[in-house]
Amino acid sequence: MGHVKRVALVGVGAALFLTGAALLVLPGPGLLLVFAGVVLMGRAVPAVSRFEKPVRERAMRAGEESVSSPWRIAGSVLAGLALIAAGVVWALVPRLPFAGWSTGASLVLSGLVLLALLVWSHRRVRAGRSRATG
């Protein structure tokens, strides 16, 4: 693997990993981003790939738990919509701290990613259930 490609994989993987780590305590799909970061870094640094399986298992379990009940789904949808609404407000109201399109866009993007991952998790769990019964 070329040096430039290796550095790019480690850089993007580290950015995803760090963003995911931050999202473990903030609203967002933290474990899935941590997993994506570990996978990318594992492609460049084989020693890192040994962490893929445990992180994958935990991330998939968290995805399944997020859609395990109607209340959790509703809470996740509300959190995603709240992030999008907060992003619009932060982009349009200049008096707020850190106001502007960069903050607003990142909040909107976080909300959209949360909703997309919620849909993905729901479809994955539903497909697993239909395979188990059919």
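The values are calculated or read from the model by the stated rules, or taken from the named source; none is laboratory data. Owing to the predicted nature of the structure, the values given are computational and were not obtained by experimental measurement. Methodologically, a virtual Cβ is constructed for each residue, glycine included, from the backbone with ideal geometry; neighbour enumeration extends over all protein chains shown. To get the accessible areas, we keep the full protein, side chains included, count just its heavy atoms, and leave off ligands, DNA and RNA. Shrake-Rupley method; radii C 1.70, N 1.55, O 1.52, S 1.80 Å.
Okay, here's what the table says:
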item	result
Heavy-atom accessible surface of the chain: percent carbon and sulfur, 1.4 Å	70 percent
Accessible area, probe 1.4 Å, largest first, for residues Trp101, Trp71	Trp71, Trp101
About the Cα centre, charge dipole magnitude for the chain (Lys/Arg +1, Asp/Glu -1 at Cβ), debye	420 debye
Whole-Hz couplings from phi, Karplus 6.51/-1.76/1.60, listed for the range 43-49; x for Gly and Pro	5, 8, 10, x, 5, 6, 5
Sites Leu92 and Ser49, calculated FRET efficiency, Cβ-Cβ separation with R0 30 Å, nearest 0.05	0.10
Inter-label distance for Trp71 and Ala15, nm, one decimal - labels placed 7 Å from Cα along Cα-to-Cβ	3.9 nm
Residues in the range 1-19 reached by a label modelled at Arg56 [backbone nitrogen below 18 Å; 7 Å Cα→Cβ]	13, 17
Computed E for Ser102/Ala82 - FRET, C-beta separation, R0 25 angstrom, nearest 0.05	0.85
Surface accessible to a 1.4 Å probe, per residue, for the residues of the chain, Å²	64 Å²
Calculated from backbone phi, Karplus (6.51, -1.76, 1.60) coupling profile of the range 30-38 in Hz, x at Gly/Pro	x, 5, 5, 6, 4, 4, 4, x, 5
Charge dipole of the chain about the Cα centre (unit charges at C-beta), most positive-ward option of Ala91, Leu78, Ser68	Ser68
Hull volume in cubic angstrom per residue (convex hull over the Cα atoms of the range 14-86)	79 Å³
